[in-house]
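First up is the structure itself, then whatever we jot down about it.
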Amino acid sequence: MILRNKGRAVDGFFLSAVELVGEDGLLNLENSSTLRLFAISRDPFINNIAPHLNAITSTRDREVLLTLAHRVRFTRGALDVANPALREVFASDTGIVKRRAIVFIDEGVDRTSNGTLIAKITQYFAAHAAHMPRLVDLVVVPGGEAAKHDMRVVDRVVELVEHHRICRKSFVIAIGGGAMLDAVGFGAAIAHRGVRLVRLPTTVLAQDDAAMGVKNGINRFGKKNFVGSFAVPFAVLCDEDFLATLPDAVYRAGFSEAVKIALLKDPALFTQIERDALLIAARDPNAARAVIHRSAELHLAHIIENGDPFETTEARPLDFGHWSAHRLESLSNHAISHGDAVALGLLLDCRYANLKGWLSNELHARIHACITRLGLPTRHALFANHAALTAGLEEFREHLGGTLTITMLRAVGEGFEVHDIDAALMRQAAAEMV
């Protein structure tokens, strides 16, 4: 690789653009990651900066902009030898046969496959060896929130990256639900400060939301995602066939995130979910597929296009309903799944907005009815412990950084931010959900 420095004067300043260039020219966003660094200085010799001899402080402020590819594919039978989708995500790497790969599998996914998944992975890599990294290990790890309870999965990833001499251009491939993807992704992100990660999400919630993101992490101190990092995955490959293996409750729980993103951004999608809620709950593949794909598209668009993928600002609209959802998960020792907790959190904040006069009675009733028809929970005994629940507000503020910022809803497609919560009205909203 070559670092190429280009500079020009602009209004008395010196603008420097540093481009990362491959042997065949500037890397293209569509087929690889491109890094552009931009810096502005009055000193044209920015590569040889020395403090002024008579100055106590020498200041050089820089703005760093990174352009990274985010590849997402939807398919069926991703590990069938005849399906080229997985092979093709590696096409941008001209040195792919020199790379290595470790595949980590969620133990629940492995168990459901009755031992066939490992054989299919092995066969796929063998059949496409000329276009794939070399498979050096297949490892089954815990799935669900158990994967995030401690550092064991993370440590296992790091240890195997070292053991198999996985370089930063090689791959960790994670096949599993959202929690397992979080833990394995965190391990990949901290080994060598970032090994390439390919996600194959196997749950509705992971395919319509979690796998689209650029976050990973684990739980610590009884707090959701307390330890983690931001890292853009090399690729995300969603295989619809995995969803057929899910228990009904796990399947339905994933649609709470689709409701959330529809309420925030897409009135047509919310109407569609309302109309098809019973079909979705009954696992009609056509009704479900349309919602999953649109939800994934909206989540990805927000992350990529809103200008804050690494969440440097105080607002975090994609966490609508999540301040209480994360707290409910922790208070229940994760007996409440993330998807179910999000359904409850959405209803709590929508009822609060309704009590404040922001959200109409009619829309509040529609949201409640939609979540009910999807087969998601609308009540829980933990809402009776108001003090423990609202402690989640401060945890959420710390996680955001800065001022408490909670997304509320005025209309479908019309969210807004608030920075204070009326304790009495929140207590009333929670009491109605016991």
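The values are calculated or read from the model by the stated rules, or taken from the named source; none is laboratory data. Computed from a prediction, not measured in an experiment: that's the story for all the values here. No Cβ is skipped: glycine too gets one built from the backbone with ideal geometry, and neighbour counts run over all protein chains shown.
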Of the residues ASP150, ASP182, which single one is over 15 Å from the mean Cα position of the chain (by Cα) and acidic (Asp, Glu)?
ASP150
Please go through the range 417-428 and give me each residue that is in contact (Cβ under 8 Å) with a residue 40 or more places away in the chain, closer than 21 Å to LEU400 by Cβ and assigned to a helix (DSSP H, G or I), ordered by number.
MET426
I'm trying to understand the selection: among the residues of the range 106-121, which are farther than 21 Å from VAL72 by Cβ, among the hydrophobic types (A, V, I, L, M, F, W, C) and in contact (Cβ under 8 Å) with a residue 40 or more places away in the chain?
LEU117
Test: GLY194 is surrounded by 24 or more Cβ atoms within 10 Å (Cβ to Cβ) and within 29 Å of GLU257 (Cα to Cα):
no
Identify, please: which residue in the range 149-160 is part of a helix (DSSP H, G or I) and of a type in the set (Asp, Glu) and is, among those, farthest from ASN216 (Cα to Cα)?
GLU159
Residues that are over 22 Å from the mean Cα position of the chain (by Cα), surrounded by 17 or more Cβ atoms within 10 Å (Cβ to Cβ) and under 19 Å from ARG275 (Cα atoms): does the range 403-412 have at least one?
yes
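Here is a yes/no grid of residues against (1) over 20 Å from ALA387 (Cβ atoms); (2) among the aromatic types (Phe, Trp, Tyr):
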site: ASN306; (1), (2): yes, no
site: PHE310; (1), (2): yes, yes
site: THR313; (1), (2): yes, no
site: PRO317; (1), (2): yes, no
site: SER332; (1), (2): no, no
site: ASP340; (1), (2): yes, no
site: ARG351; (1), (2): no, no
site: LYS356; (1), (2): yes, no
Given the condition crowded, with 18+ Cβ neighbours inside 10 Å and at pLDDT 95 or above, answer yes or no: does some residue in the range 302-320 qualify?
yes
Just need a number here: residues in the range 145-159 that are within 19 Å of HIS338 (Cα to Cα), surrounded by 20 or more Cβ atoms within 10 Å (Cβ to Cβ) and not charged (D, E, K, R).
1
What's the number of the only condition in (1) in contact (Cβ under 8 Å) with a residue 60 or more places away in the chain; (2) crowded, with 17+ Cβ neighbours inside 10 Å that GLY95 fails to meet?
(2)
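For the subset of the range 161-177 comprising residues that are assigned to a loop (DSSP other than H, G, I, E, B), touching a residue at least 40 places away in the same chain (Cβ under 8 Å) and not hydroxyl-bearing (Ser, Thr, Tyr), which member is surrounded by the fewest Cβ atoms within 10 Å (Cβ to Cβ)? Let's see the steps before the verdict.
Of the range 161-177, the ones assigned to a loop (DSSP other than H, G, I, E, B) are 164-170, 177.
Retained after the next criterion (residues that are touching a residue at least 40 places away in the same chain (Cβ under 8 Å)): 164-167, 169-170, 177.
Cutting the leftovers down to not hydroxyl-bearing (Ser, Thr, Tyr) gives us 164-167, 169, 177.
Numbers: HIS164: 14, ARG165: 9, ILE166: 26, CYS167: 13, LYS169: 16, GLY177: 30.
Ranking the qualifying residues of the range 161-177, first place goes to ARG165.
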Take the residues in the range 213-272 that are surrounded by 19 or more Cβ atoms within 10 Å (Cβ to Cβ) and polar (S, T, N, Q); name whichever of them is modelled with the lowest pLDDT.
ASN219
Which condition from (1) within 20 Å of LEU346 (Cβ to Cβ); (2) free of Cβ contacts under 8 Å to residues at least 60 places away in the same chain is the one that GLU257 breaks?
(2)
Kindly indicate the residue of the range 182-217 that is among the β-branched types (Val, Ile, Thr) and assigned to a helix (DSSP H, G or I) and also nearest to GLY143 (Cα to Cα) among those meeting that condition.
VAL184
Of everything in the range 372-405, what is under 21 Å from ASP266 (Cβ atoms) and in contact (Cβ under 8 Å) with a residue 12 or more places away in the chain? Give them in sequence order.
ARG373, LEU374, LEU376
Quick one: which of HIS334, HIS364 is in a loop (DSSP other than H, G, I, E, B) and either out of contact with any strand residue (DSSP E or B) (no Cβ under 8 Å at 6 or more places or on another chain) or crowded, with 16+ Cβ neighbours inside 10 Å (or both)?
HIS334
Checking the structure you have, find out if any residue of the range 292-301 is under 25 Å from LYS215 (Cβ atoms), of a type outside the set (Phe, Trp, Tyr) and over 24 Å from the mean Cα position of the chain (by Cα).
no
Of the residues in the range 337-361, those that are assigned to a loop (DSSP other than H, G, I, E, B) and buried (at least 21 other Cβ atoms within 10 Å of the Cβ) come to SER337, LEU359
